[in-house]
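Below is one structure, written out as structure tokens; comments come after it.
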Amino acid sequence: MYLTEGLINRQEQLAQDIFLLEVLAPQVVGNARPGQFVHLGLSTTYDPLLRRPMSIFNVDGDVFKILYQVVGRGTRLMSQFTRGDVIDILGPLGRCFQTHEGKQILIGGGLGAAPLIFLTRKLWQQGYHVHLLVGMKDNELAFLQDEVPEGCDMCFSRESALESPRMVTELLPSFLEMEERVSIYCCGPQAMYREISRICEGLENIKAQVAVDRHMGCGVGTCLSCIVPVRRGKRREQVYVRACVEGPVFDLEEVVLDES
Amino acid sequence: MKADLTTKIGPITLDNPIFTASGTYGTGKEYSQYISLSQLGALVTKGVTLDYRSGNPYPRMVETPAGILNSIGLQNGGVDYFIKEEIPHLEKLSIPVIVNIAGRRLRDYEELARRLSEQPAVKGLEVNVSCPNVREGGLAFGTNPRLVYEITSRLRKITQLPLIVKLTPNVSDVGQIALSAQEGGADAVSLINTLLGMEVDIWKQKPILGNIFGGLSGPAVKPVALRMVYQVYQRIKIPIIGMGGITRGEDAVAFMLAGAKAIALGTVNFVNPKAPVQIKEFLLDYMEKQGICSVEELVGKAHRKG
Ligand SMILES: Cc1cc2nc3c(=O)[nH]c(=O)nc-3n(C[C@H](O)[C@H](O)[C@H](O)COP(=O)(O)OP(=O)(O)OC[C@H]3O[C@@H](n4cnc5c(N)ncnc54)[C@H](O)[C@@H]3O)c2cc1C
Ligand SMILES: Cc1cc2nc3c(=O)[nH]c(=O)nc-3n(C[C@H](O)[C@H](O)[C@H](O)COP(=O)(O)O)c2cc1C
Ligand code: FES
């Protein structure tokens, strides 16, 4: 973990409110693992006050990339950075995805899929065959194809399509052949996690991990604002743990998912 | 000439007047990767209660203009956990450690003081009678001068440790409460805790925080906090630890001029973990440029005529 400055290498607008930011920060890149995030300081005047957490979308040499959507003031400020600007970085932070043996299935819902691209690359480098399933509204994430190494299987689902697959989770069951071990890595909304949890229920040999999105304050574990309810220990009692330290990646079976 | 940053709170002498604010620094471990904790004047831990507290429901924090609202609700493992799991790390620090305590009843505070006084690593107690985020305790004590007197005087009988009473800004006469703490035998007061507030999500048409209300901190509260430190300084003789929205060296100096013998940094740590060191450097530089040799000379200067 470093508190450091990064140099903006490139800022590209990919769609109306979707941007790709490239930041030169060798220390951060050297230590980054898939699933981890950086906590970005966007203003030197404490306005907006808090840093903003962003997943590492991919790395390339000494550069890390962030794929993000403009949803408010912080992300709008982020979209105004241009090549040569300096950005304040705390990171890399959080617990990364753990690699498990078996068939490698990565499932992303919308922009939440961002960290899976970095994971795809890592798994591919380790010699795994990767199946990457991505759900999008229309066609807005089709460009992800270019970020994925050759030889990885990539499938999309489109919500706007007239026929199946409209939801990315519809793609999952055909991959779950029972005779082998399966490792599932998920990034997306909680509704998607609930559906994956339903599909995997009762199936053995499946290890599923999910990245949980939480509003964050400090990003390093002191403010206790980013809590996630999990069931742990022998009695599987519900306790609150921190998404920024114990997460954002958790085992699906331990997370108490939101109701709605 | 090099300015002398040492300051005294009750019987403890501190290398410099920069403290961490309770609940914003854990027990220091997390930030020790970014700054050397020996640079701090003192470390004030997160709030410790007698029993385990799970805290309030999510969401617990929301950003507001130049500030944050939080409703953590004193999540902590309880005093036994604290002694077993946190003290070993705190023991190794070279700076004084002050433990912040909170309870539902008077008895809780007494028991906490008793237990923590047995720990050599604990150099002082900050008594939180001002947490706005738990229903039963804290704030209910801190808004009532008689109860503040009661709690302070009872703890005074139990412990030799320096007692710092942490005051809430959610009262009409903070000076009166400070006076009660002094009469009860406190070594110092600290202020301010957070200001009670709320935020509404207009799209969901509901309060944002899981607990509905939360405490406001950060730059937005600084003028209120500064005013209260100034007022309290006029009413009491014991030292004041000033806090509330300090983000820069200039803010720290303003609090000291208003009467704070030490200052604490809270919310700013979330944004800039290097703030304590930067603020200390500014303070040193400011004092030297102004020809001020000691903290004593600076404290309360805004009150002096001429
Ligand atoms: C570990 C982690 C990794 C993330 N990675 C990415 C990423 O790779 N790309 C990306 O686009 N976004 C990512 N996010 C979400 C991103 O942090 C928020 O979108 C951002 O902080 C919003 O800031 P803002 O100032 O633009 O919006 P604000 O003005 O703060 O809020 C605008 C809207 O966004 C919502 N919002 C604010 N913070 C969050 C949050 N943490 N999660 C969900 N909604 C939020 C608010 O409720 C509000 O409706 C990640 C969040 C976490 C916790
Ligand atoms: C997330 C958070 C948690 C806090 N927890 C405590 C606590 O446990 N006990 C306490 O006395 N004060 C607590 N406080 C109050 C701070 O110690 C401090 O009084 C207040 O935040 C004002 O200072 P600041 O504006 O520099 O943050 C907390 C504040 C924040 C933001
Ligand atoms: S964001 Fe502060 S504890 Fe996780």
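Read-outs: derived from the displayed coordinates by stated rules, not from any lab. Keep in mind that this is a model prediction, so the values were computed, not measured. Here Cβ is always computed from backbone atoms with ideal geometry, including for glycine, and neighbour counts include all displayed protein chains.
Per residue of peptide A:46-53, the mean number of Cβ atoms on other chains within 10 Å of the residue Cβ is 6. Placing unit charges on the Cβ atoms of the charged side chains and taking the dipole of region A:56-207 about its Cα centre, the candidate lying farthest along the positive direction among A:GLN145, A:PHE175, A:ILE117 is A:ILE117.
The label point for A:ALA142 and the one for A:ASP258, both projected 7 Å from the Cα toward the Cβ, are 3.0 nm apart.
Considering only region A:126-260, what is the antiparallel percent among its DSSP beta bridges, to the nearest 5? Intermediate values should be presented prior to the final figure.
Values: 10 of 22 bridges.
Percentage antiparallel, nearest 5: 45.
With n ≥ 4 as the cut-off for DSSP H runs, can you work out [θ] at 222 nm for chain B, using -39500 (n - 2.57) per run divided by the number of residues, rounded to the nearest 500? Can you show the working numbers first?
Working: 10 runs with 93 residues, N = 306.
Rounded to the nearest 500, the figure is -8500 deg cm²/dmol.
Separation of region A:1-37 from region B:189-217 is 32 Å, based on Cα centroids. Using Cα atoms only, what is the angle between the long axis of helix A:190-200 and the major principal axis of chain A, expressed in degrees (0 to 90) to the nearest 10? It works out to around 30 degrees. Distance between the 7 Å Cα→Cβ label points at B:TRP203 and B:ALA302: 4.0 nm. Region A:86-163 and region B:4-79 have their alpha-carbon centroids 38 Å apart.
What is the packing order of peptides A:206-218, B:83-95, A:105-117, taking the mean over residues of other C-beta atoms within 10 Å and listing the highest first?
On the way: A:206-218: 23.0, B:83-95: 15.2, A:105-117: 25.0.
In decreasing order of mean packing, A:206-218, B:83-95, A:105-117 become A:105-117, A:206-218, B:83-95.
Among the lysines of region B:6-116, pairs at least eight places apart or on separate chains and with Cα atoms under 16 Å apart come to 5.
How much FRET efficiency would the formula 1/(1 + (r/R0)^6) give for B:VAL224 and B:SER36, where r is the Cβ-Cβ distance and R0 is 30 Å, rounded to 0.05?
Efficiency for this residue pair is about 0.40.
Modelled spin-label separation between A:ASP17 and A:SER43, with each label point placed 7 Å from Cα along the Cα-to-Cβ direction: 1.9 nm.
Taken residue by residue and averaged, Cβ atoms of other chains lying within 10 Å of the Cβ of B:57-65 number 6. Among A:VAL28, A:LEU67, A:MET136, which residue has its Cα positioned farthest towards the positive end of the charge dipole of chain A, with +1 placed on the Cβ of Lys and Arg, -1 on the Cβ of Asp and Glu, and the dipole taken about the Cα centre? About the Cα centre, the residue reaching furthest to the positive side is A:VAL28. Listed as lacking a disulfide-compatible partner in chain A: A:CYS96, A:CYS152, A:CYS155, A:CYS186, A:CYS187, A:CYS200, A:CYS226, A:CYS244, by the criterion of no other cysteine Cβ under 4.7 Å.
Each peptide in B:99-105, B:248-254, A:58-64, B:115-121 gets a packing score, the mean of other Cβ atoms within 10 Å over its residues, and the list from highest to lowest is B:99-105, B:248-254, A:58-64, B:115-121. For chain A, the longest principal axis of the Cα atoms and the long axis of helix A:114-125 meet at an angle of about 70 degrees.
The aspartates and glutamates whose alpha-carbon is closer than 16 Å to the alpha-carbon of B:LYS261, local same-chain residues fewer than 8 away aside, are B:ASP4, B:ASP15, B:GLU126, B:ASP187, B:GLU250, B:ASP251, B:GLU296, B:GLU297.
I want the antiparallel fraction of DSSP beta bridges within the protein assembly as shown, as a percent rounded to 5. Please report the intermediate quantities before stating the final value.
Working: 58 of 110 bridges.
Percentage antiparallel, nearest 5: 55.
Report the calculated FRET efficiency for A:ARG236 and A:VAL71 (r = Cβ-Cβ distance, R0 = 30 Å), to the nearest 0.05. Don't jump to the answer; show the numbers that get you there.
Numbers: r = 35 Å, r/R0 = 1.17.
According to the calculation, E is roughly 0.30.
Annotation: lysines with alpha-carbon distance below 20 angstrom to A:LYS65 (same-chain offsets under eight excluded): A:LYS122.
Residue by residue along B:263-269, Cβ atoms of other protein chains within 10 Å of the local Cβ number 2 on average. If only the Cβ of Lys and Arg carry +1 and only the Cβ of Asp and Glu carry -1, the dipole of region B:230-306 around its Cα centre is close to 300 debye.
Within a 10 angstrom radius of the beta carbon, how do A:MET78, B:MET228 rank from fewest other beta carbons to most?
On the way: A:MET78 20, B:MET228 25.
Result, fewest neighbours first: A:MET78, B:MET228.
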